[in-house]
1. When residues of the range 95-113 are filtered for being at pLDDT 95 or above, crowded, with 16+ Cβ neighbours inside 10 Å and of a type in the set (Gly, Ala, Ser), how many remain?
2. Anything in the range 160-201 that is farther than 21 Å from LEU229 by Cα and touching a Leu at 6+ places or on another chain (Cβ under 6 Å)? List them, or say none.
3. With respect to the numbered conditions (1) under 30 Å from ARG269 (Cβ atoms); (2) in a loop (DSSP other than H, G, I, E, B), which one is the sole condition not fulfilled by ARG150?
4. With the condition kept exactly as written, say whether any residue in the range 118-138 is in contact (Cβ under 8 Å) with a residue 24 or more places away in the chain, open to solvent by 70 Å² or more (accessible area, probe 1.4 Å), outside any strand (DSSP E or B) and closer than 22 Å to LEU174 by Cβ.
5. I'm checking my understanding of the structure. Among residues of the range 157-179 that are hydrophobic (A, V, I, L, M, F, W, C) and more than 13 Å from ARG236 (Cβ to Cβ), which one is surrounded by the most Cβ atoms within 10 Å (Cβ to Cβ)?
6. Does THR201 count as out of contact with any Asp or Glu (no Cβ under 8 Å at 6 or more places or on another chain), over 17 Å from LEU124 (Cα atoms) and in contact (Cβ under 8 Å) with a residue 12 or more places away in the chain?
7. Of ALA239, ALA204, which residue is of a type in the set (A, V, I, L, M, F, W, C) and within 30 Å of LEU31 (Cα to Cα)?
8. With the structure loaded, tell me whether VAL137 is of a type in the set (A, V, I, L, M, F, W, C), over 17 Å from the mean Cα position of the chain (by Cα) and under 23 Å from VAL103 (Cα atoms) or whether it fails that test.
Amino acid sequence: MSARKAARFGRGVAAAGALLLAGWASGVEGLSFDVGVGAVSVESTRFQDVKAADATDLPVLYGGPARFTDGQYDRGAELRLGVGYRPLPRLRAGLELAVAPGVDFSGNANYLRSGDEQPSTAELSIRRLLVTATWDVFSWRFGGAGPPSRLYVGGGYGATDYRLTDFVQRFPALRQGPSGEVALTALPSGSDREATFTLTTGVAIPLKGPWELDLAYRYTDGGDVETDLGDIDIVRYRADGTRRNLAIPIDRTAGEYRSHTFSATLRWRYETAP
């Protein structure tokens, strides 16, 4: 994370954390705990060169804006745990941890003189910590007493830790090995922390006793996913079938991370005895 992103992240978390602590101190409607699962769809992305300020002497991988790897992530699952408070009757502030392990990426590169098909694959794992706030815009009851159902909107701010591994580009149009081995280029893995914001809307439906079911949609902007500075491993085959390996230090590449999540969350609300 850059110094500017780190400063912005720190200010945002401090402000949202103050809101959460204010709710905690007020005790309005008490504490609540969440556990939820979500179905995650990540938008298509494009990995391109990123010229890092601390690596000005390193060559870039693609060599220009017209060269890149286009692709998409498979749909994945997300597990979320959270805690929240209500500083105001309609306002809920919370702290949330989300984990999405092992989402596969598949795409196609477009290097010159390497064929039309240049399949590329990788794997991405995500951990996210957010301070959240939601506002109830409408509530209703299906008859009888008890807590109402609520329609809400909200958002969150925090950080995403990611790890990108096994990023390999293959070139079936290039000369193959004696047993059909395909030429390839393996990129460095990547891991970092990115400032993250979310927008959400959902419905909270009361269940029996202190339980509540939350059904929600969320858009997440998780910044960029980057490969680290390091060597690319190039595997090619000579005319006589022998294998040639090269390790070349290269600058970073990066692709955006934007996702859409539909989630179901079970919430337990602390209730004092009447």
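The values are calculated or read from the model by the stated rules, or taken from the named source; none is laboratory data. None of the values given here were measured: they were computed from a predicted structure. Every residue, glycine as well, gets a Cβ built from its backbone with ideal geometry; the counts of neighbours run over all protein chains shown. Accessible surface is based on the protein model in full, side chains and every heavy atom, while ligands, DNA and RNA are left aside. Shrake-Rupley method; radii C 1.70, N 1.55, O 1.52, S 1.80 Å.
1. Adding up the residues that qualify gives 3.
2. ALA183
3. (2)
4. no
5. That would be LEU164.
6. yes
7. Criteria check complete, one pass: ALA204.
8. No; evaluated as a whole, the condition is false for this residue.
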